[in-house]
Structures are given as structure tokens and as C-alpha cells.
Ligand code: ARG
């Protein structure tokens, strides 16, 4: 019999059971549900709302149920809708109404589900932060290894100015570091216990919400019972950061896809992280990167889906909210596996240093520094920019690089040019002169690496 069947005269339509169930996906919350129930019954005993005897029996039975679910011997029933009622029904079956029926005193599924999801998320935050830290560590290691590797930096996917590969890798470090900081911040906001908010208005029983909060490792109980059972902002927060992580992974993926093409050949992705073609024996495809790019779309739409679900809801609990978990689990699972596969792939990635430095010679990436050279000799930047631009046009017409032009050719454009121009446009010199805070020089990179290592400690 359904635990809420008292006021009903007709059986639930089978289609309705199928339509309203969530056990098929919320069963993975069972450990958190049991953890929440144990805290709740301990509190009820402490407050003398149930006897110590009763609470001990209930805790024992809950642990047996947990073991059965662990072992796969527990039979989940669709007619019991969700994880909460499946467990409670079993408890009553084991202990009888008189004892088993007491667990739900001063509680509703509305505060119960909120606490379950928060407990689940606390774990997910920890898991995610761990993998994210691994990625950050790998990025710093790669940066350390590639401090001397020069390459073109891009804007608009056009050669812009020379940089070290390390500076590029550390740019991603910053993005993922911010993601980690956001996780820390959102975790703090989530850290309030919903248990005891009841259906929406709290309870008449003399409960101790601070005690259950403590037992469940929350900093405090939530402040408003109506808000508590309606609130899913903490899921949105998580979905947002997770989508952002996916966006960053997708951006890197896009670059790696381009860079691993024959045309670029900047990187070689290890065979273990690529796949072949069923028809073309020659193919080695960057499918991991493509899937990471593709899955980012799903994570963004999961965030959207929950925002859309929430935007029209009146206070307080509405059943729409049940499907939040499907969305949440999907995003949480995807982001973890994507990060894991990315960490493993990055460890084996090969940067083709020769190709990187070879490509510095394309795209006239010394042009800004030619302008800066003239500025140092007293010419206004706009005029210097124009002269440098004319030199680029001239070099293109002669099919020469800027480093190949003779001093006479330079001097046709300005009498300020001297022999020292060649030093000024040496690629390494160009980068090394960029010493301002956060800029591309090795000094700046060393500082970034030290800061990164300090952060990771
Ligand atoms: N399965 C429900 C959910 O996930 C639990 C809460 C149900 N509450 C209710 N009053 N029907 O949201």
C-alpha cells in the first residue's frame, strides 16, 4: 500500500505511476537519504519525540536496508515513487507501523529531498575539486616543461605576437583556477541544512534543527522553511560552474582539434586518446576533444533546463522540481569523466616544438615590436604603426619575412632604423621585453608558476 493512500478511494492509474516515478533515477541518492534519516531519528530521540529504543531499532533497520541496496538485493518498486518512500516502506515492512512509522515524524519528503541532494552535492563538490586540482597540477607541470618553447600567439585565430607555450598553458590554469574558486564560494552558500523545514511551514514538534545540521556536517539550518523547500538555486550554482568548466574544456578542445590537423601540426595527441575510422585506414581522429566540445553543449543546456523549470514556479514545493535530479546527475557525471579523460590525455600530449617555432616566421608577428622600436626612437605610436604596416605590405610584396629585409630596405621607410632593429625583432627578445605584470616574458611566467604552485598547496 502507498504510504499516503489514506484519503484516496481509487488506485493510482498505472500510467500515472510510470509518469510520476523518480525511483529510476533518484535511487542513487540512497546513501544520503539514509544518512539524513539516521540524523533525523537521532534528533527525535534526543528530543524525546521517540524513545532511544525505537531510534536504535530504526537505525539498525536503515543500515540493513543500506546494505541490501549496496549488495543489489533490495527490490525497488515503482509504485513507491521515489527513494524516500521505497526506503520508508521497507522500514515499516521490517519494523511494523508502530516503530517504522515513526521515522517520518516532523519531516516531509520536501525537506528530505532537499537534504539528500545537498548531501549528494557536497560529495560531488569534493570529487570535482579533486579532479580540477589534478588538471591544474598537470597544466603547471606542462608549463614548467615548456618554458622555452616559442610559438605564435593568436587573436582572431591569426598570428598576433610571439609567446611562450608556457604562457598559453598558464592562461588555461587561470580559467580553471577561477572555476575552482567559484566551487569554493558556491559550496559555502549551499552549506545550510534543509532538514526540519517540513512540507513548507516547519513543524509543531519540538525538534532541534541545529543538532541535525551538526550531525550532517552543515554549518547551520536554513532560515526560512518556505524558501527551503522551494530552493534549487544551489543546483543552479553547481550547474553553472560545471557548464563553465565544460566551456573551458571545449575551448581547449577546439584548439587541440585545429592544432592536431595536418595544416597546423602543433601537437600530437597520443594514439590512446584518439580513434580510427571504420573506412579510412589512415585516420586518427581527435574524438575525445570533439566529444568534450559537444558535451559542453549538453551541460549548458542542462543549466538552461533547470533555470526554465524554476522560473515559473510559485512557492513552495512543486513536483516539477523532481526532475532537477536527472539534470543534475547528467551534468555531474559528464563533467567528471570529461575532466578525467582530459587529464590523462594532457599527460601524454606532445607539443611539436619545431613546428611551433617554425610557424613564428609566418604572419609578420614582429610588426608591433617594429612600431615600438620606432616609438623608442621618438616617433609617435600612430605614425610608427603606419610605418610598420607599410613594411609588412612591402615584405608581403617581396615574399620576404621582416627579419629578411636588409637595413637599406628598412631605412627606405624611416631613417630611424639602425642595425639594432634585428635584435629588436628577434623572437625571444620580443617576448622577453614583455616584462609588465602578467605579460609574456619568462620572468612573468616564473612568477605565475610560483603563484600557481602556492595556490595548489
Ligand atoms: N520525489 C520527490 C522529488 O524528488 C520527493 C518530494 C516529493 N514531495 C511531494 N510532496 N510529492 O522532488
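For this structure, a couple of remarks:
Each row is one residue, and each column tells you yes or no for (1) part of a helix (DSSP H, G or I); (2) modelled with pLDDT of 95 or more; (3) at positive phi; (4) under 46 Å from the mean Cα position of the chain (by Cα).
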residue: 378; (1), (2), (3), (4): no, yes, yes, no
residue: 384; (1), (2), (3), (4): yes, yes, no, yes
residue: 394; (1), (2), (3), (4): yes, yes, no, no
residue: 408; (1), (2), (3), (4): yes, yes, no, no
residue: 412; (1), (2), (3), (4): yes, yes, no, no
residue: 415; (1), (2), (3), (4): no, yes, no, no
residue: 434; (1), (2), (3), (4): no, no, no, yes
residue: 443; (1), (2), (3), (4): yes, yes, no, yes
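- Subset tally (residues that are within 16 Å of the ligand (Cβ to nearest atom) and either at pLDDT below 95 or loosely packed, with under 13 Cβ neighbours inside 10 Å (or both)) for the range 1-27: 13
- Residues within the range 160-171 that are crowded, with 19+ Cβ neighbours inside 10 Å and assigned to a strand (DSSP E or B), tallied: 4
- Among the candidates 123, 179, residue that is touching a helix residue (DSSP H, G or I) at 6+ places or on another chain (Cβ under 9 Å) and crowded, with 19+ Cβ neighbours inside 10 Å: 179
- Residues (out of contact with any helix residue (DSSP H, G or I) (no Cβ under 7 Å at 6 or more places or on another chain) and free of Cβ contacts under 8 Å to residues at least 60 places away in the same chain) located in the range 353-371: 354, 358, 361
- The set of residues in the range 313-350 being more than 16 Å from the ligand (Cβ to nearest atom) and without any contact (Cβ under 8 Å) to a residue 12 or more places away in the chain consists of 333, 337.
- Residues that are away from the ligand (no atom under 16 Å from the Cβ), in contact (Cβ under 8 Å) with a residue 60 or more places away in the chain, closer than 30 Å to residue 238 by Cβ and buried (at least 20 other Cβ atoms within 10 Å of the Cβ) do occur in the range 143-155, at least one of them.
- Only listed residue being farther than 30 Å from residue 403 by Cβ and modelled with pLDDT of 95 or more, chosen from 145, 220: 220
- The residues listed here are 89, 37; of these, the one that is within 16 Å of the ligand (Cβ to nearest atom) and within 25 Å of residue 190 (Cβ to Cβ) is 37.
- With respect to the conditions (1) surrounded by 17 or more Cβ atoms within 10 Å (Cβ to Cβ); (2) under 19 Å from residue 158 (Cβ atoms), residue 396 falls short on a single one, namely (1).
- Flag for residue 295 being part of a helix (DSSP H, G or I), within 16 Å of the ligand (Cβ to nearest atom) and surrounded by 13 or more Cβ atoms within 10 Å (Cβ to Cβ): no
- From 118, 129, residue being surrounded by fewer than 18 Cβ atoms within 10 Å (Cβ to Cβ), touching a residue at least 40 places away in the same chain (Cβ under 8 Å) and under 18 Å from the mean Cα position of the chain (by Cα): 129
- Which listed residue is out of contact with any strand residue (DSSP E or B) (no Cβ under 7 Å at 6 or more places or on another chain) and more than 30 Å from residue 363 (Cβ to Cβ), from 175, 144, 130: 130
- The set of residues in the range 69-94 being without any contact (Cβ under 8 Å) to a residue 12 or more places away in the chain and assigned to a helix (DSSP H, G or I) consists of 70, 71, 93.
- Across the range 95-112, the qualifying residues are those that are in contact with a helix residue (DSSP H, G or I) (Cβ under 7 Å, 6 or more places away or on another chain) and part of a helix (DSSP H, G or I), and the one among them that is surrounded by the most Cβ atoms within 10 Å (Cβ to Cβ) is 111.
- Note on the range 258-281: residues that are buried (at least 18 other Cβ atoms within 10 Å of the Cβ) and closer than 16 Å to residue 158 by Cα total 2.
The values are calculated or read from the model by the stated rules, or taken from the named source; none is laboratory data. Source: prediction; values computed, not measured. Here the Cβ is made from the backbone with ideal geometry for all residues, glycine too, and neighbour counts use every protein chain on show.
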